Amino acid sequence: MKSLEELMAIKAKMADKVAVRQADGNEIRIVVGMATCGIAAGARPVLNAFVEGVTAAGLAENVTVTQTGCIGICQYEPVVEIYQKDKEKVTYVKMTAEKAQEVIEKHIKGGAVVSDYTIGAAKI
Amino acid sequence: MDEFSLYVLDITMNSVRAGADTILISLMEEGDWLTFSVTDNGCGMSKEQVEKLSNPFFTTRKTRKVGLGVPFLTMLAEMTGGGVKITSVPEKNEDGSENPDHGTVIRGTFGRNHIDFIPLGDMVETVKTLIQGAPNVNFSYVHTFPGGNVELHCAELRAMLGEEISLAEPEILSWIGGYLQEQYEGEA
């Protein structure tokens, strides 16, 4: 059984880590649309893939994953936006958990936008 | 939406957006019925707003002109022989004074054995997603079913962890997922 003691052990481990993390201006912000349109189109597994993928890749110190509401392009959900200082916002559309893995590998880690999945590549 | 847990996620998001800091999510399965309710202390709605909620062409957001969350839930409830009821107390009384008891309760009943009902789906994932998106909200989650119940109270976790550590930290979320999962497996 997951015990509350286990939670306290996690707390002790994290106390140092939280202190270390600080803004250096190079953070990457991954924003997943989680309104009715996003949820119905499958945004929950996409969000989960980003949260777990970023942690697994050891990027959690510099990358945050957050949720937002409807941004008005419901037909392209699940929509994911990537914000980084001094760079143009990148909007990925019709995302899946598998595509999320690829975006973490190539874009978040490697710095190369996966242009096949961006809104520019989607047929309008 | 093909899992009930996605409806729970969608409806609870309304409470988060209403600025609630305390939200109770309750699921109770008993006999032929599932009763689902979300109780929040958010900004609440006027009587007129509550009446308009069942109309898909009513929404307060600006990015699109339709709001389908409550209509979806109502449709599923009515298809399975149940219904949805919303009661709400707005922040401001009609005379403009503040009402400290503001908030909204949405309660739906669903025929859980009805052929049109859908699988509950991954409730653990829904709770984790809510906490990830709103780590400062005190969610309480209580799911009662024949033979057992599963509970999580964010306020208790926060009391243990202190204010410094966000519940949205991956390590904490992963612990929460395991904690709920083990309760479900233990009760099954």
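The values are calculated or read from the model by the stated rules, or taken from the named source; none is laboratory data. Predicted model, so just to flag it, every value in this text is computed and none were measured. As a convention, Cβ positions derive from the backbone with ideal geometry for all residues, glycine included, and neighbour counts pool all protein chains shown.
One table, with the values for the structure above:
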| read-out | value |
| --- | --- |
| Segment B:50-61, residues that are more than 14 Å from every other protein chain (Cβ to nearest Cβ) and within 19 Å of the chain's Cα centre (by Cα) | B:VAL50, B:SER54 |
| Listing of strands (runs of 3 or more DSSP E) fully contained in segment A:44-93 that carry 2 or more residues being more than 11 Å from chain B (Cβ to nearest Cβ) | A:80-84, A:90-92 |
| Hits in segment B:1-49 (condition: acidic (Asp, Glu) and within 11 Å of another protein chain (Cβ to nearest Cβ)) | B:ASP2, B:GLU3, B:ASP10 |
| In segment B:13-49, the residues that are in a loop (DSSP other than H, G, I, E, B), crowded, with 16+ Cβ neighbours inside 10 Å and more than 15 Å from the chain's Cα centre (by Cα) | B:CYS43, B:MET45 |
| Residue check for A:THR55: of a type in the set (Ser, Thr, Tyr), over 19 Å from A:ASP116 (Cβ atoms), in contact (Cβ under 8 Å) with a residue 24 or more places away in the chain and surrounded by fewer than 18 Cβ atoms within 10 Å (Cβ to Cβ) | no |
| Number of positions in segment B:50-77 that are polar (S, T, N, Q), crowded, with 18+ Cβ neighbours inside 10 Å and within 25 Å of B:PHE117 (Cα to Cα) | 1 |
| Residue that is farthest from B:ILE165 (Cα to Cα) [pool: residues in segment A:1-37 that are in contact with a Ser or Thr (Cβ under 9 Å, 6 or more places away or on another chain) and modelled with pLDDT of 90 or more] | A:ALA35 |
| Matching residues, segment B:50-84, being touching a Ser or Thr at 6+ places or on another chain (Cβ under 8 Å) and assigned to a helix (DSSP H, G or I) | B:VAL50, B:GLY69, B:VAL70, B:PRO71, B:PHE72, B:THR74, B:ALA77 |
